[in-house]
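Novice: Sending over a structure as C-alpha cells; questions will come in a sec.
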Amino acid sequence: MPVVYKRILLKLSGEALMGEGHYGIDRAVVESIVVEIAGVLQLGVEVAIVVGGGNIFRGMKSAGDGMDRVTADYMGMLATTMNALALHDAMRQNGIVSRVQSALRIDQVVEPYVRGKALRYLGERKVVVFAAGTGNPFFTTDTAAALRGMEMNANIVLKATKVDGIYTSDPLKDKNAQRFQSLTFDEAISKNLQVMDATALTLCRDQKLPINVFSIFKTGALKRVIMGEDEGTSVSV
C-alpha cells in the first residue's frame with residue numbers, strides 16, 4: 001500500500017522528549033521516537049522535524065514570572081537546540097543521516113538555516129532537524145513548524161503529542177472526553193482546543209497545509225498516519 005504523504009514536517013514537543021519525567025531528556029524516549037522515524041524513512045518518506053524546548057526551559061512561563069519576554073524566548077530557542085542535538089545524536093547512533101539547522105547562528109555547533117540546503121538534504125533522504133524556532137521572539141515552535149512545513153513543501157504537518165488526537169477536553173483528566181476524528185481549521189480555532197496556537201493554525205489554513213495530531217508513544221502510529229489510516233485527528237480546510 002503506497003504512502004499518502006511523501007514529505008512530512010514532524011513537530012515534536014519538548015515535553016514528549018522527557019517522557020514520564022518532569023524535566024530534561026529521557027534517552028529511552030528519544031530512542032523510541034527515532035525507531036518510529038526510521039520506520040517511515042524505510043517507506044521512502046522524507047522527514048523534516050521541528051522540536052520544542054519546554055522540557056528544558058519555557059519562555060512564556062519565565063516571562064510570566066517576571067523575566068523579560070524577549071530574553072526568555074531566546075533562552076527557549078537555545079533549549080530547542082539542545083533537544084535537536086539529542087535527536088541528531090540518537091539518529092546517528094541508529095544509522096540515520098541527519099542535519100541540524102538553527103534559526104540562530106551557532107556555527108560551531110549546528111548549521112544556520114538555509115532553505116536551499118535543507119531542501120537538498122531532504123531530497124538526499126537526510127532528516128533535517130530545525131532548531132531555535134523561527135529565530136524570533138513572540139513566536140512559538142508550533143508557528144515554526146507551520147512556517148518550515150510550508151518552506152519545505154511538506155505534504156502535512158504532524159504534531160506528535162502524548163495523547164492520540166484532539167479531544168473535547170483533556171483526556172488525561174476527563175474520562176468522558178471524546179476524540180475528534182477530523183476538524184476544519186476554523187473549528188479548531190473557534191473551539192479554542194489548544195491544538196496549536198492560532199498563528200500556526202491560520203498559516204496552515206491559508207496555505208491549505210493539513211495537520212494531524214497523534215500520539216508519538218503509540219507504536220506504529222506515525223507510520224499509520226503516513227499510510228492514511230484512521231490515526232489521530234486530522235485538521236484541514
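The values are calculated or read from the model by the stated rules, or taken from the named source; none is laboratory data. Keep in mind that what you see is a predicted model, and the values were worked out from it rather than measured. Here the Cβ positions follow ideal geometry from the backbone for every residue, glycine too, while neighbour counts run over all protein chains shown. The area values use the complete protein model at the heavy-atom level, side chains included, leaving out ligands, DNA and RNA. Shrake-Rupley method; radii C 1.70, N 1.55, O 1.52, S 1.80 Å.
Novice: Place a label point 7 angstrom from the Cα of K6 along the Cα-to-Cβ direction, then list the residues of region 172-215 whose backbone nitrogen is under 18 Å away.
Specialist: 209-210
Novice: Gap in Å between the Cα centre of region 80-113 and the Cα centre of region 179-237?
Specialist: Cα centroid to Cα centroid, the span is 26 Å.
Novice: Another question, then. Round to the nearest 10 and report in Å² the accessible area of T184, as given by a 1.4 Å probe over the protein chains' heavy atoms.
Specialist: Per-residue accessible area (T184): approximately 50 Å².
Novice: Using only the alpha carbons of the chain, what is the convex hull's orientation-averaged projected area in square nanometres?
Specialist: Numbers: hull surface 49.8 nm².
Across all orientations, the chain yields a mean hull projection of 12.5 nm².
Novice: Which whole number in µm²/s is D for region 1-84 by Stokes-Einstein, with the Kirkwood Rh taken over Cα pairs at 4 °C and 1.567 mPa s?
Specialist: The calculation lands on 92 µm²/s.
Novice: Using DSSP, restrict attention to beta bridges with both residues in region 150-237 and report what percent are antiparallel, rounded to the nearest 5. Can you show the working numbers first?
Specialist: On the way: 5 of 13 bridges.
So the antiparallel bridges amount to about 40 percent of the total.
Novice: While we're on this one: Exceeding 31 Å between C-alpha atoms, which entries from my cross-link table qualify? They are K126/K175; K61/K175; K117/K191; K126/K162. Working shown, then result.
Specialist: Working: K126/K175 41 Å; K61/K175 28 Å; K117/K191 38 Å; K126/K162 26 Å.
Those over the limit are K126/K175; K117/K191.
Novice: Give the dimensionless ratio obtained when the Cα radius of gyration of region 42-173 is divided by 2.2 N^0.38 Å.
Specialist: Working: Rg = 15.4 Å, N = 132, 2.2 N^0.38 = 14.1 Å.
Here the answer is 1.10, to two decimals.
Novice: Another question, if that's okay. Could you state the accessible area per residue of the chain in Å², with a 1.4 Å probe and every protein chain left in place? Present the calculation step by step, with values, prior to reporting the outcome.
Specialist: On the way: 10960 Å² over 237 residues.
I get 46 Å² per residue for this part.
Novice: Could you please state how large a percent of the accessible area of the chain is carbon and sulfur, counting protein chains only and using a 1.4 Å probe?
Specialist: C and S atoms contribute 52 percent here.
Novice: Where in the chain lies the longest segment free of GluC sites (Glu not before Pro) that are both loop residues by DSSP (not H, G, I, E, B) and have at most 16 other Cβ atoms within 10 Å?
Specialist: By the stated rule (loop sites, at most 16 other Cβ atoms within 10 Å), 125-228.
Novice: For region 143-213, state the semi-axes of the equivalent ellipsoid (square roots of 5 times the eigenvalues of the alpha-carbon gyration tensor), sorted largest first and rounded to whole angstrom.
Specialist: That gives 23, 12, 10 Å for the three semi-axes.
Novice: Hey, what number do you get for the chain at 222 nm if only DSSP H runs of n ≥ 4 count, each worth -39500 (n - 2.57), divided across all residues, to the nearest 500?
Specialist: That comes out to -11500 deg cm²/dmol.
Novice: Count the net charge of all other residues whose Cβ sits under 14 Å from the Cβ of I189, scoring Lys and Arg as +1 and Asp and Glu as -1.
Specialist: -3
Novice: Among R148, R7, R27, R105, what's the order by accessible area (1.4 angstrom probe), most exposed first?
Specialist: From most accessible down to least: R105, R27, R7, R148.
Novice: Based on the Cβ-Cβ distance from L78 to Q207, what FRET efficiency comes out when R0 is 45 Å, to the nearest 0.05?
Specialist: Values: r = 29 Å, r/R0 = 0.64.
Efficiency, rounded to the nearest 0.05: 0.95.
Novice: Can you tell me, using C-alpha contacts under 8 Å and at least 6 residues apart, the relative contact order of the chain as a whole percent?
Specialist: Once normalised by length, the contact order is 23 percent.
Novice: On to the next question. Rank D230, D73 by accessible area, highest first, at a 1.4 Å probe radius? Kindly include the intermediate steps, with their values, before the conclusion.
Specialist: Numbers: D230 95, D73 20 Å².
Of D230, D73, the descending order of accessible area is D230, D73.
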